[in-house]
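The structure appears right after this line, and notes come after that.
The values are calculated or read from the model by the stated rules, or taken from the named source; none is laboratory data. All of these numbers come straight from a predicted model, not from anything done at the bench. Here the Cβ positions follow ideal geometry from the backbone for every residue, glycine too, while neighbour counts run over all protein chains shown. Accessible surface is based on the protein model in full, side chains and every heavy atom, while ligands, DNA and RNA are left aside. Shrake-Rupley method; radii C 1.70, N 1.55, O 1.52, S 1.80 Å.
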Amino acid sequence: MLCMFLNHPPFDYRRALTGCCTVASLWLLGTGTALGQQTTQYECDLAIVGGGLGGVAAALEGLRAGHKVCLTEMTDWLGGQVSQQGVAALDEDTVQRREELFPRGYREFRTLVRGRYGEPNPGRCWVSTLCFSPQTGALVLEKMLEPYRQSGQLVLLKDTVVKTLDIEGTQVRAVVALTHVSKNPQRDANSLPLSHFIEDWYAPEPSALFEKRPVRLVPPIAKRGGAVSWVVIDTTETGELLPLAGVPYRLGTERRTPWEPGASAAGTDPYCTQSFTYSFAVEKTGAKQSFPRPANYDSPFNKPGYSYEKDTFTFGGIFTYRRIKSSLDLQSLPERLSENTLPLGEQSVLNWTWGNDWRLSTATDNLVLTQAQLESGGQLPTRTWWGGTTPGNWRGGLRPSALADAEAHAFGFYYWLVHSTEDRLLQARTPSYRKPELSEYALLKGKESPMGTGHGLSRHPYIREGRRIIGRPVPGYPEGFAIYEADLSGLAPLTLNPGRPRRYFDSVGLGQYRLDLHGCIVNARFEPSPFEATGTFADPQYPFEIPLRALVPQKIDNLLAGAKNIATTHITNAAYRVHPVEWAVGSAAGLTAAFALERDILPAALVSNLEAPTPILEALQARVTSQGNPIHAP
């Protein structure tokens, strides 16, 4: 197994973090002098960090249970995949959709989106039964949370990033954050792509563009004497809280084992995560468009990476794949549609593997920094030669230059669509092939556009994979619990129904999707990492379960994973990362947190040495199902 405490010194990072977090908080927050103003403190029963689908789902469950919730989000839009990342085409699979085996909140979200348009699939796309504008996704989620914000039960902190955690023993005692406020509406956080601002957001000092407001989230005073005073849930896109909390996690690929037969036999690669993507929206207009040629358009990682990929694909097929606005009834196969058959006013979100997917991920180019990179870069606490610790300067745990490369790649893809007649992959097979210039397709920009940004790209890249916890050691998993490829394929030794995904006695949710890997590359020849998964996967054809053990990290007892950061492998993450599954994970985390608070029991205690159903576990599962969230498929 790949634990990300690679090459770590012989000391306990959790203890080091415990000793220094208070120092960091005093420096950052203490008298307020570092930031020029006093810290705002909020008390909450649930502190949820990350406003994606998992974060919204967890917040809704906690709020409906009557608890005070604090929810932070680094951008100004909630929703992650369906909004700020631009992938507003719901990735669902057949059995789960047919049987409506979705969490109640997710079903409500779909109903509200359709209600705004008055039709079941406003985009008439073919990748999903529901494609819509990312702006609509953000508006609907805001509407779902608004009554709780108005009543004061929800503290919603958008434009807010986490700086550190205060940890005492095995519990998080405070979450320390920064809210950034634009000084100039013309140069706000959406005027330029994310890479231009992300380092500024994490810097405590005010800048030329942003005021900084320090924030501290803490449990209610009245609850600080019990076994559990509050619960913290990490629903960030990349698992930001995991290194801050000092818990073991995985990053990148795993080695081949009988449980992971599709993994590489060569070993592990912590730098090789799935590709990430800046989506953008285009519209067919009646006017010819002109877009400047990006400066690095001809780089070996940009221009050669743009293609329709297959002879059967046309732009019409790619455009209608995630089309979000249409008046055209689709009567023919989408692959046969040409750009000339599409009427004016059609809009689509483009997210294409041989287009704007950014796949380069090596030790010098990876987006999600490894534990060793975080330590050497000063983002985490370090031990001094005299035995003390120095606080780290957390800056989000990402590589800004990788964001910038992906942004340039996305702009290059749009330029290629509009102006180029080349297609490297297709011309290699048919030298005479020439793709049409799509001069009438405009890149949509502005506050009212689907992405709502001044530059046209999504506010945040679509993150498929980040850090993933290693669950607690339990019987059968001495190194820590995880969901393996064999568990989804139905080949695991403990599977009662061969050919179907493993049944978990501690299931707290359901999902269904194929093992959809968007692998990394390591050079300009677009070669995959030698450690990338290479096997032939047995895609799950039936809904799979979300075990509670996959949500509980090691070492910190009041912390839960609530999004794509649960205890999966590189391979199984590819099935657990999609929209309804992330919502189900968030719902499970929110309900588990609410249950733990009401029973005054730490979340970690629910899975301690768990090897069979227990009365307390069955009570939690009854609570989950009573809220309309299925945990077992029929």
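Quick one: accessible surface of residue 256, probe radius 1.4 Å, all protein chains present, in square angstrom to the nearest 10.
Residue 256 has an accessible surface of roughly 110 Å² with all protein chains in place.
Can you give me the distance in nm between label points at residue 390 and residue 200, each placed 7 Å from the Cα along the Cα-to-Cβ direction?
2.8
Leaving ligands, DNA and RNA out of it, work out the accessible area of residue 426 with a 1.4 Å probe and give it in Å² to the nearest 10.
In the full protein context, residue 426 sits at about 0 Å².
Counting each DSSP H run of 4 or more residues in the chain as -39500 (n - 2.57), what helix-only mean residue ellipticity at 222 nm follows after dividing by all residues, to the nearest 500 deg cm²/dmol?
My calculation for the chain gives -7500 deg cm²/dmol from helical runs alone.
Explain nothing, just the number: relative contact order of region 390-534, from Cα pairs under 8 Å at least 6 residues apart, as a whole percent.
8
May I ask for the Rg/Rh ratio of region 513-634, computed from Cα atoms with Rh as the Kirkwood radius, given to two decimals?
1.05
So if R0 is 35 Å, what FRET efficiency would residue 372 and residue 608 give, r being the distance between their Cβ atoms, rounded to the nearest 0.05?
0.70
What angle do you read, to the nearest 10 degrees and between 0 and 90, between the alpha-carbon axis of helix 400-419 and the longest principal axis of the chain?
20
Given a Förster distance of 35 Å, report the FRET efficiency between residue 290 and residue 514 from their Cβ-Cβ distance, rounded to the nearest 0.05. Please list the in-between numbers first.
On the way: r = 40 Å, r/R0 = 1.14.
With R0 = 35 Å, the Cβ-Cβ based efficiency is 0.30.
How much of the accessible area of the chain, in percent, comes from carbon and sulfur atoms when a 1.4 Å probe is used?
52
How much length would be gained if the chain were fully extended between residue 223 and residue 116, taking 0.36 nm per residue of separation minus their Cα-Cα distance, in nm to one decimal?
Gain on stretching residue 223 to residue 116: 34.4 nm.
Roughly what would the spin-label model give for residue 328 and residue 265, points 7 Å off Cα along C-beta, in nm?
Reported label-point gap for residue 328 and residue 265 is 4.8 nm.
Please give the length that would be gained between residue 536 and residue 38 if that part of the chain were fully extended, namely 0.36 nm times their separation in residues minus their C-alpha to C-alpha distance (nm, one decimal).
173.7 nm
Can you give me the long-range amide H partners of residue 509? Hydrogens built in the peptide plane at 1.01 Å from N, cutoff under 5 Å, separation of 5 or more residues or another chain.
Amide H neighbours of residue 509, under 5 Å, 5+ apart: 546.
On full extension of the chain, what length is gained from residue 146 through residue 632, given 0.36 nm per residue of separation minus the C-alpha to C-alpha distance? Don't jump to the answer; show the numbers that get you there.
On the way: separation 486, 0.36 × 486 = 174.96 nm, distance 3.13 nm.
Gain on stretching residue 146 to residue 632: 171.8 nm.
Over the alpha carbons of region 458-583, what is the largest minus smallest coordinate on each principal axis, giving the biggest first in Å?
Ordered largest first, region 458-583 gives principal extents of 46, 36, 28 Å.
Keeping every protein chain in place, order 101, 328 by accessible area at 1.4 Å, biggest value first, i.e. largest first.
Numbers: 101 20, 328 45 Å².
The residues order as 328, 101, largest area first.
Suppose a student asked you for the relative contact order of the chain, using Cα pairs under 8 Å spaced at least 6 residues apart; what percent would you report?
22
Dipole of the chain, Cα-centred, from +1 at each Lys and Arg C-beta and -1 at each Asp and Glu C-beta, to the nearest 20 debye?
420
For the pair residue 477 and residue 186, what calculated FRET efficiency results from E = 1/(1 + (r/R0)^6), where r is the Cβ-Cβ distance and R0 = 60 Å, to the nearest 0.05? Could you put the intermediate results ahead of the total?
Details: r = 54 Å, r/R0 = 0.89.
The calculated FRET efficiency here is 0.65.
Please compute, for the alpha-carbon atoms of the chain, the extent along each of the three principal axes and give them in descending order in Å.
Sorted from largest, the Cα extents of the chain read 72, 61, 50 Å.
Using Cα atoms only, what is the angle between the long axis of helix 53-64 and the major principal axis of the chain, expressed in degrees (0 to 90) to the nearest 10?
The angle comes out near 50 degrees.
Order 192, 548, most accessible first, counting only protein heavy atoms with a 1.4 angstrom probe.
192, 548
Please give the per residue accessible area of the chain, computed with a probe of 1.4 Å over protein heavy atoms only, in Å².
35
How far is it, in nm, from the label point at residue 427 to the one at residue 524 when both lie 7 Å from their Cα along the line to the Cβ?
Distance between the two pseudo-spin positions: 1.6 nm.
With a 1.4 Å probe and all protein chains kept in place, how do 196, 67 rank by accessible area, largest first? If you can, show how the numbers build up before the last one.
Details: 196 110, 67 15 Å².
Solvent-accessible surface, decreasing: 196, 67.
Compute the angle between helix 615-626 and the longest alpha-carbon principal axis of the chain, please, reported from 0 to 90 degrees and rounded to the nearest 10.
Around 40 degrees separate the two axes.
Enumerate the calculated ³J(HN,Hα) couplings along region 183-197 in order (Karplus 6.51 cos²θ - 1.76 cosθ + 1.60, θ = phi - 60°), each rounded to whole Hz, writing x wherever the residue is Gly or Pro.
Karplus values, whole Hz, x for Gly and Pro: 7, 10, x, 7, 10, 6, 5, 10, 6, 10, x, 4, 4, 6, 10.
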